[in-house]
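The values are calculated or read from the model by the stated rules, or taken from the named source; none is laboratory data. Treat the numbers as computed from the prediction; the structure is a model and nothing was measured. Positions of Cβ are backbone-derived with ideal geometry, glycine not excepted, and every protein chain shown enters the neighbour counts. Just so you know, the surface numbers come from the protein's heavy atoms only, side chains and all, with ligands and any DNA or RNA stripped out. Shrake-Rupley method; radii C 1.70, N 1.55, O 1.52, S 1.80 Å.
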Amino acid sequence: MSYQNIVILTGAGISQESGLGTFRDNGGLWAEYAIEDVATPEAFAANPRLVYDFYNMRRAELLKDEISFNSAHQALADFESHFAGQFKLVTQNVDNLHEAAGSKSLIHMHGELQKARCLFCGHISMWEDDLDEKSICPSCQDTRGMRPHIVWFGEMPLQMDDIYSLLADCDLFVSIGTSGNVYPAAGFVQIANDAGAHTVELNLEPSQGATLFKEKIYGKASEIVPAFLKGLGR
Ligand code: OAD
């Protein structure tokens with residue numbers, strides 16, 4: 001079967017072998033930190049220092065020399081560069097490993113660690129240093145308004161209209177390295193099924209929504225993603 005409209009969803013599992021921790025596996029970030037302390041607008045209002053520190057720590061982790069894309073990121077970028085049909089990669093990840101590997105048609109639905117947004121003027125800027133209350137918006141020059149460009153719990157993920165219209169038109173939907181705990185991403189498989197698409201889960205273990213997928217392959221992303229994409233042809 002050859003596909004014309006492919007949508008791929010990725011989660012923290014694809015970056016695990018690059019050295020970035022996942023959220024819900026043993027020892028994952030949400031075992032160490034409470035979501036309500038560091039990943040909600042209320043947390044930022046109540047204790048901005050803690051929230052800034054959490055994302056400063058994650059940004060610094062991402063920028064370490066030893067963190068780089070792996071063969072799963074690479075295989076997706078290579079596939080995209082040779083594929084003749086429509087291809088869109090939607091990631092829940094806030095790291096930059098897909099673009100580092102060369103992916104071009106990419107939506108960061110949960111934001112990006114290396115960007116900051118000004119609450120006053122809305123300007124989004126690249127940000128590689130630590131962020132805090134004294135950070136100055138490069139556009140309006142105001143302080144106290146710079147926040148991580150991250151979608152927190154209770155906020156709307158980015159580019160949802162684009163994503164829903166891609167899902168409604170896709171003939172192949174592949175979910176990689178996500179536990180299927182967080183909506184709206186966890187609901188994408190059902191939308192793709194309703195659109196008549198073939199749906200595939202590539203993960204270390206069955207996700208919350210595993211039964212919704214028509215095909216499932218379990219193993220390490222660095223192994224099963226390149227093998228699966230090779231099998232698709234171009
Ligand atoms: P999770 O930590 O919930 O799930 C990671 C999934 O990857 C699990 O199902 C693991 O089994 C799988 N996994 C781990 N290592 C793997 C490997 N080497 N190869 C393949 N799979 C592997 O992360 P997400 O599903 O991405 O949101 O989490 C979704 C959202 O919840 C995140 O974007 C974040 C978080 O709270 C926000 O912060 C808004």
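Summed over region 205-221, residues that are within 17 Å of L76 (Cβ to Cβ) and near the ligand (Cβ under 8 Å from one of its atoms) total 3. If you go through region 196-206 and keep only what is more than 22 Å from D25 (Cβ to Cβ) and either touching a Phe, Trp or Tyr at 6+ places or on another chain (Cβ under 8 Å) or at pLDDT below 95 (or both), you end up with A197, H198, T199.
Do you know which of the residues in region 142-185 that are assigned to a helix (DSSP H, G or I) and open to solvent by less than 20 Å² (accessible area, probe 1.4 Å) is farthest from A221 (Cα to Cα)? Before the answer, list the steps.
Residues of region 142-185 that are assigned to a helix (DSSP H, G or I), as a first pass: 160-169, 185.
Checking the rest, the ones that are also open to solvent by less than 20 Å² (accessible area, probe 1.4 Å) come to 160, 163, 167, 185.
On the way: M160: 26, I163: 23, L167: 22, A185: 19 Å.
Among them, the one singled out is M160.
Results for (1) among the hydroxyl-bearing types (S, T, Y); (2) modelled with pLDDT of 95 or more; (3) within 12 Å of the ligand (Cβ to nearest atom); (4) over 30 Å from S68 (Cβ atoms), shown as yes or no for each residue.
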site: R144; (1), (2), (3), (4): no, no, no, yes
site: S165; (1), (2), (3), (4): yes, yes, no, yes
site: D171; (1), (2), (3), (4): no, yes, no, yes
site: V174; (1), (2), (3), (4): no, yes, no, no
site: Q190; (1), (2), (3), (4): no, yes, no, yes
site: G233; (1), (2), (3), (4): no, no, no, no
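Scan region 51-87 for residues that are open to solvent by 50 Å² or more (accessible area, probe 1.4 Å), more than 15 Å from the ligand (Cβ to nearest atom) and either part of a helix (DSSP H, G or I) or not small (G, A, S) (or both) and report the count. Counting residues in region 51-87 that are open to solvent by 50 Å² or more (accessible area, probe 1.4 Å), more than 15 Å from the ligand (Cβ to nearest atom) and either part of a helix (DSSP H, G or I) or not small (G, A, S) (or both) gives 10.
If you go through region 30-56 and keep only what is in contact (Cβ under 8 Å) with a residue 24 or more places away in the chain and within 19 Å of L113 (Cβ to Cβ), you end up with I35, A39, T40, P41, A43, F44, P48, R49, V51, Y52, Y55, N56.
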